[in-house]
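Written out below as structure tokens is the structure these notes cover.
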């Protein structure tokens, strides 16, 4: 490995670390011919000879039509261990490889792959080699990058190679180590030439080194070419990319071959994912014989092994294929399509053979797109839809397939592609089903971003009136209501028009239509009543549609707006369960974020943290930045309540980063609430007032956040700042009768009252609070009342309220409020009782995820069941339990129930 000594040392060190249990991942990258394969092959050979098991797969240009081909190649030696996986992960992997069943999100498939690697690594160190990552099918490449970020927990090294061309996706951020390969320096280049072509003269070697520009493949390939070792340098040397110059040199070799052999090479190039039998049979269909391949083998351009032809270097194949004329390529693909056994690859060859339109092939591609989507390979499904569009002759059918391509791109996360396809389809979409699907895709895209274009309320009303199917009419009107709720931008007149349309006689007659109407009317403030959770689930469970997640989210929001946090949590919990069972991880993640927010509002801080931390972890894996921003903001709020200011600040930074330039109002409101709590912890009461006022820009959140406004406003000398919140809360109280809200209103009035009038308000606030489940807000009320009583010299009465408040704050780990209360108790002359050393609160020592795992284990769930529930591998669950045992000072599962009994939250 001339000139690569430092890279060899780096890989050797990573392999040694992996052997010792400190796994990692490394990405080797550089231009074509720079020596990536040679470097990793040397490292892998050394690893294999020293006891490492080697798993590998490689990308091939122009293949990967159905997705997960590379993953199947990689994991094939481990599939006998598939029974070790948790049931959900095992099923996800089997469906990805072609079995019948519901496709899982790529997260579950990734966890299944990770679990198999863990099982293999448990029996000895492991090297996972992925060559030409840039050509791997996208679904597999996504799994590889998922794995790259997780290798540290096992004795394994994931090693991948890729080109650094800008035309390929940049997957480097998920790899722990990056190993760039630069051109060789002059001395190393001369050493390589001397070793490879000792017969060259010194001037010839120097000319070759100058022309090869340090590229090892060029140095070795060109050493036998007089054009590169003799004569003057070409003026194009610095302008033509090295890959193109190498391809030209390979073409010069190919040009020396007989015509039949050149055509045989084209068959190999077009069928690089085909077996040698398929290639030879296709060649015979073109009038070629097996002997026509022999000259290329003699030249060393191709080799035959492991039942397939391989080129000396991938650039040979790309040079042969790219420089063939379209007619000859079409003939080759037609011949391959006739003999390739796999139906999906045969369709791809037929599509590659077509010039112009071909409805038959377009229809085949449509069927391929549907089948590929069912396996969870959504990126490949979107590509098949787009190719079908290009081959479709009839405008109406082309528009329909363009709409479906847009929806497939949306599901694959290719937002920009989806938006572009929608724009192309919109003018020509004619049949009603396509019009509705176009609007649905548009709406689903807009529901996760504030920057994408969507239809206004007037347009949605007009669309509803133009449709004939009542189901579609009600759904479109519901979208208008959802848009009104999330954007807060519909006028009173448009809201009234939506309500009028929804109440049209005979419109909503089925159970689903009535449910959608109830949700829509609730969102625009016109509902007679909210549907119950049971009623909603009875309608949605039999057939969970793509849009139902957003509708259920909005039902939960409607409960929150009605100040029924218990009802909202039940909706979110039903969603978590429903979408978990339906293998819809993205929707489940949204529901976890929603439930975590509600639990925070209800002061179930530990449970809310567990939801939000799981939601944040899953959102990162699934690319759900808006959901991650919401989770991070809620985490910041919980950390601020607990006095963990540095963690709260970090979570706010994460939320800001994930929100981008146009954060959703709900996310911004929770982030402002968290910022206010941080400011209050630091005594910056004026800043706290400013942040709380900002949270009120989203009334459903601002209503609860504003409960703390009076305390900081009075301390900042700005009692007038509370008037807006007090008016909003009083109006909401008049329509809801919420005891918790009544407590906050009475408490606020007490804090704003002259000293003589505060008692009655405080006492009424406590009466309401005792009838609610808002234990932290009640404790705050007792704290504020205790402070007032001490100032009024009612010392004994103050001690009672302050002691009760302190117990709640300590049990919920809200340290800033506990310290404030303890100081007030000391000022009232009370000596704090010493806590019994036997009292051990698991919530104080375990992380949120460890506590979640421990609780599930205490309920009797197995490690594999917990792994499915929390989207972890079962070995990771075991590691969390081992850590929890140590922290809880126990040594077996049966002791968990008693160890967790003292957990207050």
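The values are calculated or read from the model by the stated rules, or taken from the named source; none is laboratory data. Keep in mind it's a predicted model, so treat the numbers as computed, not measured. Reconstructed Cβ throughout: ideal geometry from the backbone, glycine too, with neighbour counts over all protein chains shown.
Among the numbered conditions (1) in contact with a helix residue (DSSP H, G or I) (Cβ under 7 Å, 6 or more places away or on another chain); (2) more than 30 Å from residue 737 (Cα to Cα); (3) surrounded by fewer than 24 Cβ atoms within 10 Å (Cβ to Cβ), the only one that residue 602 does not meet is (2).
Let's see how each residue does on (1) in contact (Cβ under 8 Å) with a residue 60 or more places away in the chain; (2) farther than 18 Å from residue 474 by Cα:
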{"residue": "523", "(1), (2)": "no, no"}
{"residue": "526", "(1), (2)": "no, no"}
{"residue": "539", "(1), (2)": "no, no"}
{"residue": "544", "(1), (2)": "no, no"}
{"residue": "554", "(1), (2)": "yes, no"}
{"residue": "557", "(1), (2)": "yes, yes"}
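Scanning the range 12-53 for residues that are within 30 Å of the chain's Cα centre (by Cα), over 28 Å from residue 245 (Cα atoms) and surrounded by 14 or more Cβ atoms within 10 Å (Cβ to Cβ) turns up 14, 15, 17, 18, 22, 23, 24, 25, 26. The set of residues from the range 156-179 being surrounded by fewer than 19 Cβ atoms within 10 Å (Cβ to Cβ) and closer than 12 Å to residue 128 by Cα is empty. Only one entry of 608, 594 meets the criterion of being out of contact with any strand residue (DSSP E or B) (no Cβ under 7 Å at 6 or more places or on another chain), crowded, with 24+ Cβ neighbours inside 10 Å and in contact (Cβ under 8 Å) with a residue 40 or more places away in the chain, and that entry is 594.
Say whether the condition of being within 35 Å of the chain's Cα centre (by Cα) and at pLDDT 90 or above is met by at least one residue in the range 796-814. Yes, the range 796-814 contains at least one residue that is within 35 Å of the chain's Cα centre (by Cα) and at pLDDT 90 or above. Within the range 185-203, not a single residue is under 27 Å from residue 60 (Cα atoms) and within 44 Å of the chain's Cα centre (by Cα).
Looking at the range 701-757, the helices (runs of 4 or more DSSP H) lying wholly inside it that each contain 3 or more residues that are closer than 19 Å to residue 788 by Cα and touching a helix residue (DSSP H, G or I) at 6+ places or on another chain (Cβ under 7 Å) sit at 709-715, 739-752.
When you look at residue 725, is it within 20 Å of residue 780 (Cα to Cα) and either in contact with a strand residue (DSSP E or B) (Cβ under 6 Å, 6 or more places away or on another chain) or in contact (Cβ under 8 Å) with a residue 60 or more places away in the chain (or both), yes or no? Answer is no for this residue.
From the list 481, 462, the lone residue that is part of a helix (DSSP H, G or I) and either modelled with pLDDT under 80 or loosely packed, with under 15 Cβ neighbours inside 10 Å (or both) is 462. Looking at residue 694, is it over 20 Å from residue 602 (Cβ atoms), without any contact (Cβ under 8 Å) to a residue 60 or more places away in the chain and within 40 Å of the chain's Cα centre (by Cα)? Here the answer is yes, as residue 694 does meet what is asked. Residues of the range 514-534 that are assigned to a helix (DSSP H, G or I) and either at pLDDT 85 or above or in contact with a helix residue (DSSP H, G or I) (Cβ under 7 Å, 6 or more places away or on another chain) (or both): 514, 515, 516, 517, 518, 519, 520, 521, 522, 523, 533.
Is it fair to say residue 56 is assigned to a strand (DSSP E or B), modelled with pLDDT of 90 or more and surrounded by fewer than 24 Cβ atoms within 10 Å (Cβ to Cβ)? Answer is yes for this residue. Scan the range 369-382 and give yes if some residue there is within 21 Å of residue 437 (Cα to Cα), modelled with pLDDT of 95 or more and either surrounded by fewer than 20 Cβ atoms within 10 Å (Cβ to Cβ) or not assigned by TED's automatic domain parsing to the domain that holds residue 93 (or both), otherwise no. Within the range 369-382, none of the residues are within 21 Å of residue 437 (Cα to Cα), modelled with pLDDT of 95 or more and either surrounded by fewer than 20 Cβ atoms within 10 Å (Cβ to Cβ) or not assigned by TED's automatic domain parsing to the domain that holds residue 93 (or both). Checked against the criterion of being buried (at least 21 other Cβ atoms within 10 Å of the Cβ) and either assigned by TED's automatic domain parsing to the domain that holds residue 865 or more than 27 Å from residue 457 (Cα to Cα) (or both), the range 544-551 contains not a single residue that satisfies it.
Among the residues of the range 262-283, is there at least one that is over 22 Å from residue 305 (Cα atoms) and not assigned by TED's automatic domain parsing to the domain that holds residue 64? Taking every residue of the range 262-283 in turn, none turns out to be over 22 Å from residue 305 (Cα atoms) and not assigned by TED's automatic domain parsing to the domain that holds residue 64. For the range 289-308, the criterion of being closer than 30 Å to residue 221 by Cβ and touching a residue at least 60 places away in the same chain (Cβ under 8 Å) is met by no residue.
For the range 272-292, taking the residues that are closer than 15 Å to residue 329 by Cα and in contact with a strand residue (DSSP E or B) (Cβ under 9 Å, 6 or more places away or on another chain), the one that is surrounded by the most Cβ atoms within 10 Å (Cβ to Cβ) is identified as 279. There is no residue in the range 586-594 that is assigned by TED's automatic domain parsing to the domain that holds residue 438, in a helix (DSSP H, G or I) and under 28 Å from residue 817 (Cβ atoms).
Looking only at residues of the range 894-904 that are out of contact with any helix residue (DSSP H, G or I) (no Cβ under 6 Å at 6 or more places or on another chain) and in a helix (DSSP H, G or I), we find that the one that is nearest to residue 104 (Cα to Cα) is 894. For residue 327, the criteria (1) closer than 23 Å to residue 254 by Cα; (2) modelled with pLDDT of 95 or more hold in every case but one, which is (2). Within the range 342-365, being in contact with a helix residue (DSSP H, G or I) (Cβ under 7 Å, 6 or more places away or on another chain) and in a loop (DSSP other than H, G, I, E, B) holds for 354, 355, 357, 358.
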